[in-house]
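Please read the structure below before turning to the comments.
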Amino acid sequence: MQKLIDLPCNIKPGDPVKVILHKIKDYLVTFIPEARYEDDIYARAANLQAVKSALEGGYGIGSVLIDSNGKIIISAHNSQIQEHRSYLHAEITLLTNFEESRLAKKYMNIYVYKPGLTVFSSAEPCPMCFIRINTTGADTKYCTPGPDDGMVSRIDYLPSSWKEMAMKRNVSIGDCSPVMQKISHLLFYSFLLDNRGPR
Ligand SMILES: [Zn+2]
């Protein structure tokens, strides 16, 4: 709770979960990224997706797909709880919605993406999502490390052919401000505020 109060979002002790999340959302909506953190524009967009999920009662993780010009072409959030589906992590939904959209024709070659696309997530992708992203040929960036489940920092544990494929992509933590990193981290753990999720 103290970490939430320390955010520049005017969160007070005793604020209900919904109020906390709305205060974070309001902060993100008016947040103006500084030029010195070149990925904050994507961190803000991914965090807005994360807080959207959290406000729906889901897990606070969001993701955006960026084209080679730096434009966000599609966004998604985790919806496992909302949709009662085990696989609906933010990145999986992002990539599935993208592949099923009209954008696919322009940006895809059979099932692989044309070079220059980047998946930017609020938190480091898990093993399932990291493998899916690598299979598409997209690069991977994220705002905050996944302390328990992040696969990028555990890339050496992949089978050799999967590791080889992953190493062909640009895979890195984004250039994000401390406040965006803190919000990503706290939204990732926002399920602890009310113990949402399966028992
Ligand atoms: Zn995942």
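The values are calculated or read from the model by the stated rules, or taken from the named source; none is laboratory data. Just so you know, these numbers come straight off a predicted model, no measurement behind them. All Cβ positions, even for glycine, are placed from backbone atoms using ideal geometry, and neighbour counts span all protein chains on display. To get the accessible areas, we keep the full protein, side chains included, count just its heavy atoms, and leave off ligands, DNA and RNA. Shrake-Rupley method; radii C 1.70, N 1.55, O 1.52, S 1.80 Å.
Among the listed residues A54, A123, which satisfies the condition of being in contact (Cβ under 8 Å) with a residue 60 or more places away in the chain and farther than 25 Å from R154 by Cβ? Reasoning before the result, please.
On the way: A123 fails: farther than 25 Å from R154 by Cβ.
It is A54.
Scan (1) under 22 Å from V152 (Cβ atoms); (2) touching a strand residue (DSSP E or B) at 6+ places or on another chain (Cβ under 8 Å); (3) buried (at least 22 other Cβ atoms within 10 Å of the Cβ) for the single condition I92 breaks and write down its number.
(2)
Checking the condition under 21 Å from G58 (Cα atoms), without any contact (Cβ under 8 Å) to a residue 40 or more places away in the chain and crowded, with 24+ Cβ neighbours inside 10 Å, which residue from N78, N97 passes?
Step by step, each of N78, N97 is checked, and only N78 is under 21 Å from G58 (Cα atoms), without any contact (Cβ under 8 Å) to a residue 40 or more places away in the chain and crowded, with 24+ Cβ neighbours inside 10 Å.
Determine whether segment 25-47 contains at least one residue that is closer than 25 Å to S190 by Cβ, within 16 Å of the ligand (Cβ to nearest atom) and either buried (at least 20 other Cβ atoms within 10 Å of the Cβ) or free of Cβ contacts under 8 Å to residues at least 24 places away in the same chain (or both).
yes
May I ask you to verify whether R132 is in contact (Cβ under 8 Å) with a residue 24 or more places away in the chain, open to solvent by 30 Å² or more (accessible area, probe 1.4 Å) and of a type outside the set (G, A, S)? Can you show your working first?
Numbers: in contact (Cβ under 8 Å) with a residue 24 or more places away in the chain: yes; open to solvent by 30 Å² or more (accessible area, probe 1.4 Å): yes; of a type outside the set (G, A, S): yes.
For R132, the condition - in contact (Cβ under 8 Å) with a residue 24 or more places away in the chain, open to solvent by 30 Å² or more (accessible area, probe 1.4 Å) and of a type outside the set (G, A, S) - is met.
Among the candidates Y27, Y87, Y59, Y37, which residue alone is hydroxyl-bearing (S, T, Y) and part of a helix (DSSP H, G or I)? Before you say what the answer is, go through the steps one by one.
Values: Y87 fails: part of a helix (DSSP H, G or I); Y59 fails: part of a helix (DSSP H, G or I); Y37 fails: part of a helix (DSSP H, G or I).
Every option except Y27 fails the conditions.
Residue-by-condition table, conditions (1) at pLDDT 95 or above; (2) away from the ligand (no atom under 16 Å from the Cβ); (3) closer than 20 Å to S184 by Cβ:
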position	(1), (2), (3)
K71	yes, yes, no
S79	yes, no, yes
H84	yes, yes, no
A90	yes, no, yes
E99	yes, yes, no
K105	no, yes, no
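Let me spell it out: the conditions are (1) more than 16 Å from the ligand (Cβ to nearest atom); (2) of a type in the set (A, V, I, L, M, F, W, C); (3) touching a His at 6+ places or on another chain (Cβ under 8 Å), and A123 meets all of them except one. Which number is the exception?
Failed condition: (1).
Quick check on segment 150-177: of everything there that is buried (at least 16 other Cβ atoms within 10 Å of the Cβ) and part of a loop (DSSP other than H, G, I, E, B), which residue is farthest from the ligand (Cβ to nearest atom)?
Looking at the filtered set, the residue picked out is S177.
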